[in-house]
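First up is the structure itself, then whatever we jot down about it.
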Ligand SMILES: Nc1ncnc2c1ncn2[C@@H]1O[C@H](COP(=O)(O)OP(=O)(O)OP(=O)(O)O)[C@@H](O)[C@H]1O
Ligand SMILES: [Mg+2]
């Protein structure tokens with residue numbers, strides 16, 4: 001605002017809050033026009049930024065400009081999108097909370113360009129490393145991809161976004177951009193099959209046909225000629241001089257690879273895009289009975305042509321167990337074809353957004369703060385407004401409510417903090433309209449819901465009747481039937497009109513009023529509003545009205561136009577009062593009181609808060625500012641006038657004074673830098689001295705430094721062979737433990753490696769060629785213990801020292817097959833199923849009848865337990881486990897196989913693996929079979 005004060009006469013007012021005639025739309029428009037004519041496209045209303053699209057390069061988005069706005073107080077420089085982006089970013093970091101930038105305006109206003117400028121600002125100004133640059137590139141490059149698939153040429157804008165976009169940028173605690181997420185909504189799918197005259201389909205179709213490589217087009221069965229495709233030529237402007245589809249294709253290809261789409265993904269993606277083009281060329285002729293027959297079969301990827309033929313020319317009616325096919329007329333079949341094309345494109349777009357999100361996801365689970373960017377249509381008013389406009393306008397209505405609540409709330413809180421009495425602000429609260437639309441059981445959306453679900457024939461007109469019945473008498477709702485005679489003339493019978501806060505909009509229920517509304521309300525301040533044009537008064541006035549800018553200004557101007565902390569106010573204006581110049585010895589509040597008394601402020605023009613002065617009218621402030629301007633020049637002039645106190649320095653001294661101040665400032669900065677350096681060095685030395693002590697305030701930073709520097713060195717000096725112990729960098733004491741955890745698995749003894757290989761060989765003998773998913777298990781390393789949940793209780797209580805092998809499993813209940821997480825543990829004597837501290841089942845190997853697995857790709861394993869064992873209360877176990885193959889092999893090494901010596905007398909055979917084959921009677925009376933291969937495999 002200080003910058004605004006200085007420059008106000010040259011370029012109008014930089015902040016509308018300082019507009020004296022703040023209720024006058026003409027004054028508002030004059031100010032916008034005056035600034036626009038000077039190429040000043042931005043103006044504030046408090047923290048809200050109004051922008052007028054210049055439709056030309058102004059050179060105001062350079063790196064130099066970014067540097068100027070980085071870290072500078074919001075009000076000190078002229079309004080700019082970078083100032084807003086910087087302010088949001090700084091506040092997010094200092095308050096560690098989430099923020100949100102809303103960009104709204106009519107088509108072509110410059111919303112998408114503005115969101116790109118914000119992203120570019122963060123890309124340049126946020127801390128960066130090689131890893132973060134990756135994230136940054138993906139965030140930036142997601143734009144051309146989304147624009148290729150979601151933007152199109154319209155009459156208003158050659159690159160019009162035909163979907164709503166909300167993008168989250170996630171920042172870590174140091175303010176680095178580490179991830180993102182995109183939410184898209186309301187894609188205009190109808191554009192895929194139909195475009196108005198002068199408009200095009202989504203860019204990607206033209207890019208593919210114009211820019212796609214010859215080989216790709218051949219594979220997709222496409223010709224390099226847009227005129228050949230019905231879906232591309234309805235607007236009769238497939239080629240436009242302002243759009244270079246060929247070079248855009250290259251940009252998209254590059255972006256897709258950087259966002260990490262695999263070659264297969266890209267192939268599939270364009271196969272689907274091509275299939276939509278082919279589908280558009282499918283046409284139907286009527287048979288002798290008037291039914292549709294498909295006479296040109298398109299090469300649709302992945303769909304057998306008979307199924308496509310049947311799907312497009314017939315309707316399937318399912319009645320109980322029966323299916324009846326009823327043929328379409330040719331007209332109906334065209335509708336079915338277009339519906340399919342729209343659905344395919346819509347789903348592809350959703351898939352694309354999800355894929356981009358996968359590449360932007362931040363896997364680190366530490367807390368992130370977020371800046372959200374919402375690029376949304378402003379109020380839309382067309383000649384015929386349908387459900388789409390209803391959703392968009394309702395969304396704007398809700399945003400207006402949010403804005404008013406936030407602004408009024410923050411104003412009220414500030415007054416309270418400053419001990420100033422809150423004076424009610426006259427403004428229009430649009431809650432009544434929001435309720436009219438969204439109230440449960442009574443709002444328009446609820447009624448539409450009910451009407452769609454109720455039995456019987458519901459039509460657009462029964463819906464309208466319901467509305468009339470329920471909304472009758474509502475001051476913001478009117479229909480042909482409910483209107484007075486004069487209004488009735490302006491309404492059709494199928495219309496209803498809502499009196500929105502921004503103005504009236506008439507909606508038509510005929511044909512297109514289907515329910516699909518979702519409104520996102522995000523928290524926080526800092527809003528951007530954009531209005532467009534080469535200063536066409538009518539258009540700008542319309543946008544000022546429908547964006548509710550005058551209403552915003554009224555709320556912002558609630559009470560006082562200007563407020564500043566006493567110190568800042570006194571510092572700026574102290575030269576205006578002999579008592580406060582050059583130094584004021586008392587408190588800043590007393591100084592300000594003395595100053596304004598000297599300036600002759602009237603009691604109703606200001607209020608003194610606890611820490612700030614509040615000035616009611618801009619004119620009071622401007623008068624003070626004018627006096628300051630004059631005084632500044634006089635101060636610089638020589639020699640003093642008769643008033644010695646007002647101009648206390650002789651000629652030439654002013655220069656010396658400025659020089660002294662400047663040198664003083666530099667010296668102070670240098671002193672601060674040195675003090676900081678001394679602190680860091682001291683801390684380093686103290687940390688070094690205490691490096692072998694437990695972690696404390698004294699050594700934590702030093703140890704963090706040691707850790708980081710070791711890991712960095714390790715990264716650059718990793719041994720070529722993981723088995724070579726000798727060449728690992730020796731870790732510092734603090735890293736010893738971590739080091740061993742890190743490399744221990746790599747440094748197994750040869751005997752352990754041999755054992756692992758043996759298990760792998762056994763597993764191969766058992767499963768190779770017999771179970772479909774065996775090849776996938778080969779790359780898994782073998783480990784003896786995979787414990788998912790460890791509880792000391794069961795460890796000590798049950799099987800602490802005898803666990804030979806353990807693995808997490810999912811056990812399916814015998815009744816109902818409900819899945820349960822368990823730990824499967826093998827000891828020498830038995831297998832256990834354990835849940836946390838409890839043994840849920842024990843299966844003695846002696847009572848294990850067999851183990852079954854299938855030969856398919858599943859990971860199920862069934863333990864068959866003898867039923868005559870009275871100790872076993874439960875039956876067989878059905879288990880699912882990811883390491884099925886190794887578990888099976890392991891189990892075999894513990895098991896005995898039971899056999900009948902004679903009826904009623906049983907014997908056991910134990911199997912063991914070793915390098916030598918042997919068969920002998922073991923001490924426990926069992927037959928021991930030692931072999932390199934374990935033969936037990938029951939299926
Ligand atoms: N700050 C700017 N400086 C120069 N030109 C701009 C600026 N903002 C927008 N434009 C121009 O206006 C055109 C339309 O802008 P943009 O695509 O951002 O509009 P939009 O509000 O997103 O429209 P839609 O709602 O149709 O998507 C841009 O292609 C660009 O030529
Ligand atoms: Mg856009």
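The values are calculated or read from the model by the stated rules, or taken from the named source; none is laboratory data. These numbers come from a predicted model, not from an experiment. No Cβ is skipped: glycine too gets one built from the backbone with ideal geometry, and neighbour counts run over all protein chains shown.
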Selection from region 99-119 of residues in contact with a helix residue (DSSP H, G or I) (Cβ under 7 Å, 6 or more places away or on another chain) and more than 16 Å from ligand 2 (Cβ to nearest atom) yields 99
Going by the conditions given, is residue 360 under 25 Å from residue 108 (Cβ atoms) and modelled with pLDDT of 90 or more?
no
For residues in region 14-56 being farther than 24 Å from residue 117 by Cα and assigned to a loop (DSSP other than H, G, I, E, B), which is modelled with the lowest pLDDT?
20
Could you check, for region 133-140, whether at least one of its residues is in contact with a strand residue (DSSP E or B) (Cβ under 9 Å, 6 or more places away or on another chain) and at pLDDT 90 or above?
no
Please indicate, with yes or no, whether at least one residue in region 72-90 is surrounded by fewer than 19 Cβ atoms within 10 Å (Cβ to Cβ) and on the phi > 0 side of the Ramachandran plot.
no
Where residue 563 falls short, out of the listed (1) farther than 17 Å from residue 404 by Cα; (2) not in a strand (DSSP E or B):
(2)
Taking helices (runs of 4 or more DSSP H) that fall entirely within region 80-173, which contain at least 1 residues that are more than 21 Å from residue 259 (Cβ to Cβ) and within 14 Å of ligand 1 (Cβ to nearest atom)?
81-95, 111-125
Candidates 435, 449 - the one that is within 30 Å of residue 557 (Cα to Cα) and not in a loop (DSSP other than H, G, I, E, B)
435
Kindly establish whether residue 199 is farther than 23 Å from residue 135 by Cβ and more than 16 Å from ligand 1 (Cβ to nearest atom).
no
Selection from region 635-668 of residues in a helix (DSSP H, G or I) and at pLDDT below 75 yields 635, 636, 653, 654, 655, 656, 657
Scan region 19-75 residue by residue and report those that are within 16 Å of ligand 1 (Cβ to nearest atom) and without any contact (Cβ under 8 Å) to a residue 12 or more places away in the chain.
56, 57, 59, 62
Working only within region 420-451, note down all residues that are touching a strand residue (DSSP E or B) at 6+ places or on another chain (Cβ under 9 Å) and either exposed (fewer than 14 other Cβ atoms within 10 Å of the Cβ) or at pLDDT 90 or above (or both).
421, 433, 436, 437, 444
